[in-house]
Amino acid sequence: MALQVYSTLSRKKEAFHKEPGDRVTMYVCGPTVYKPSHIGHMVGPVIFDTVKRYLTYLDYQVTWVVNVTDVDDKLIGRAKELNTTVPELAAKMTEDYFGCLKALNVTGIDHFPRATEHVGGMILMISTLIEKGHAYAAGGDVYFDVSRDADYGKLCNRDPEQLEAGSRIEVSDRKRNPGDFALWKSAKPGEPAEVQFDSPWGKGRPGWHIECSAMATKLLGDTLDIHGGGLDLQFPHHENELAQSESATGKEFARVWMHNGLLKLRDKEGKEDKMAGSKGNVLNVDRALKHVSGDVLRFFILQTHYRSPIDLGNWDWENPNTPIPAGLESAKAAFETFTRFAERVGRVTGTAFAQLPPTPPPGNATMTLAYADVLRRFQEHMDDDFNTGGAVGVLFDLVKRLNRLADEKKLEDPTAANPGAKAEFREGALLVRDLAGILGLTLAAPAAALGGGDELVSGLMQLLIDLRANLRTEAKGAAKDNPLKAALFAQTDLIRTRLAALGVTLEDRATGTTWRVN
RNA sequence: GGCCUCGUAGCCAAGUGGUAAGGCAACGGUUUGCAAAACCGUCAUUCCCCGGUUCGAAUCCGGGCGAGGCCUCCA
C-alpha cells in the first residue's frame, strides 16, 4: 500500500502526491515566543518531526520550515509586565522553545524564520494584494477584503455571510466587512519603537496571518506540499493564510493540509478541560521533564493517532502528590518495557543499544524473512496517514518476541553458547532501533535512572551491591538448617528494601546486580 | 445559532464492510534464596442507544443521547 495522507481541505485520505526521491516541502506554524512552552506546544513538532522521519525513510527529500512569531500583542504585553524589551523576551523564549524541541528529539526542522526578519517580504505581498484589488488600506491599517475572494472559507467550510452574524469582538470601523482581517496594523500610541516598522502605510507591524504566507512562500515557493498545524489554527489562521496566499500568487497554496489534535485532560472530578493558563492546569515542558524523559513525552504523544485529541487522563493538578497527569504516568510505565529492552540488548550483544551499527538504507537492505512481517505491518500503519499508534503496537510485539527469544535461548547466560540465536536477536534489535528511530524514540535510559551520572552515587551504589553480593554468596553457601542462612538473607533483603524506600530498585540477574532510580 | 470532531474493557488506544492490535492496571503461573525484570495465561460473544442497507456492520445511512473543538491572534 502506498502512502495515504488525510487532507483537511478535501476531508479525506488522499494518495500522497509525490514519488520517492522527490523534494517535499513542509511548513508548520510555530510558536509565539512570549511564555515558556507547555507540553501542548510539543504535540505539533513531535508529530511533524515523525512525519518527516517517515518520509525521509521512504526516500523523500524533505525541507521543513517552522516560523517563530517574535512580534505581536501578547509579546508586547508580556514584555511590559516583565519590564523587558520585546526582542529580549522573544530571544529568551525562543531559546526555551529550542531546548524543549531538543529534549523531545525534534531534530528535523531546517529553517526557523523569525517574523521580524521578513517584514520586507510581508510588505511586498501586502502591496501585491492591494494592487490586485484583494486588500485595501484604511487609516494606516491594511485589510484583506474577504468579499473579493470567491472561495473564501473553503478550508473550514465557513460562509463569510455567517461571519457577520458572529460576534466579532474587534469590529473595526475601518473594515469594509466584519470578516476582513488585518494584513498590516498601524502603530498604536505608546507602543515601543522596536515593534514599529516602516511601510508604505506608515509605521506599524504585520498582521499575524501574513507572516506565515510570506515566509512560507519565500523559503519554500508558492505551493507547499504539506502545510501543518494544530486543529485550533484551522480558523481563522489557516483559512486566512490560504486566502491571502492564493489571492497574491494565483496558485494553490498547499497540496495537503494536516491538522493535529489537541491535548485534553480531566480534573479530579473527571470533568474535561483544556490546558489553559487561565485555569492553572498548564504543564510546562520543563516541569514535565522532571518526572518523565523526553522519550516518554514523545512516546505518549505518538500513542494516539495525530488527528485525535490526546487524552492526558485525570489530573488533580493542585495536588503535589500528582505532579503529572495519569496518562503520562501510564506512558512512563509502558515505556520502561523499551528502555529495559535496550539495556538487555547491551547485555546480550555486548554492544550498547545506541552503538549498534547502522542498517543499510532501505532498498539495499536485506531484511531476513524472520522480521519481514514486522516491518511490513509497521509500514502499513505508517502508510495509513501516519498511524503511529498502530506502529507503536508493532514495536511492542517485536520487543516481546525478542524478549521471549532471549529467555528461551538463555542469551544472557555466558555459559550457554548459542551464536545462531544471538545473531537472530541482534538483527531484531537492529530493527527495533530503526523503527523506534523512525518514531524519533531513542530508548535510552534517562540519565536520572542511573543516578544522574554522579560518580559518588554510582560509587556508593557499587559498594552496596558488592557488599550485598558477598552476603548473598555466603547465604547461598550456608546449609539449609544453618540459622546464619536466614540471617544473611535478611540483611540482603534489608538493603534492597531500604533502597526501594529511597526510590532505587535492585535487580539481581545471573550476570550481576543492576540498579535504577525510579 | 453556524461549522467540525469524537463515543471500542477499570483506564488509554488501533481497527472505518469480513468476524475486536497494543499498552497501563488487576489476577493466576514459570523463573528467582525471596524479590525485581522477563516470559506464559486470564481479562470486550462485543464496539453509547434505536432503526435501516448488506450474505455480512465497531465500520455505511437515518434518528436519538452524551462529550469536546472552532466561530475571540489558544499549539
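The values are calculated or read from the model by the stated rules, or taken from the named source; none is laboratory data. Model, not experiment: these values are computed from the prediction. Cβ placement follows ideal geometry from the backbone for every residue including glycine, while neighbour counts extend to all protein chains displayed. The protein model used for the area step is the full one, side chains on, heavy atoms only, and it has no ligands, DNA or RNA in it. Shrake-Rupley method; radii C 1.70, N 1.55, O 1.52, S 1.80 Å.
Here are some notes:
- Summed over the residues of segment A:331-438 and divided among them, the accessible surface reaches 47 Å² per residue at a probe radius of 1.4 Å.
- Here residue A:223 sits with roughly 50 square angstrom of accessible surface, probe radius 1.4 Å.
- Using the alpha-carbon positions of segment A:356-446, Rg (one decimal) and Dmax (whole number) come out as 13.9, 47 Å.
- Over chain A, relative contact order from alpha-carbon pairs under 8 Å, at least 6 apart, %: 14 percent
- Packing, taken as the mean count of other beta carbons within 10 Å per residue, orders the peptides A:200-209, A:347-356, A:182-191 from highest to lowest as A:200-209, A:182-191, A:347-356.
- Surface share of carbon and sulfur [accessible, 1.4 angstrom probe, percent] for chain A: 52 percent
- Relative counts (whole %) of C-alpha pair distances in segment A:447-517, using bins that are 5 Å wide: 4, 16, 24, 23, 16, 9, 5, 2, 1
- Calculated over segment A:4-260: convex hull of Cα atoms, volume per residue (Å³): 125 Å³
- For segment A:267-387, the C-alpha radius of gyration divided by 2.2 N^0.38 Å, with N the number of residues, is 1.38.
- For the listed residue pairs A:35/A:185; A:35/A:74; A:332/A:422; A:74/A:274, the alpha carbons are over 18 angstrom apart in A:35/A:185; A:332/A:422; A:74/A:274.
- With 30 Å as the limit, the listed pairs A:271/A:400; A:92/A:264; A:102/A:218 have A:271/A:400 beyond it between alpha carbons.
- Chain A: mean projected area of Cα convex hull, nm²: 29.5 nm²
- Whole-angstrom Cα spans of segment A:91-146 along principal axes, big to small: 46, 21, 21
- Counting all C-alpha pairs of segment A:371-411, share separated by more than 16 Å (%): 39 percent
- Per residue, segment A:447-517 exposes an accessible area of 65 Å² to a 1.4 Å probe, with every protein chain left in place.
- Here segment A:1-93 is treated as an ellipsoid with the same Cα gyration tensor; its semi-axes, largest first and in whole Å, are 36, 13, 11.
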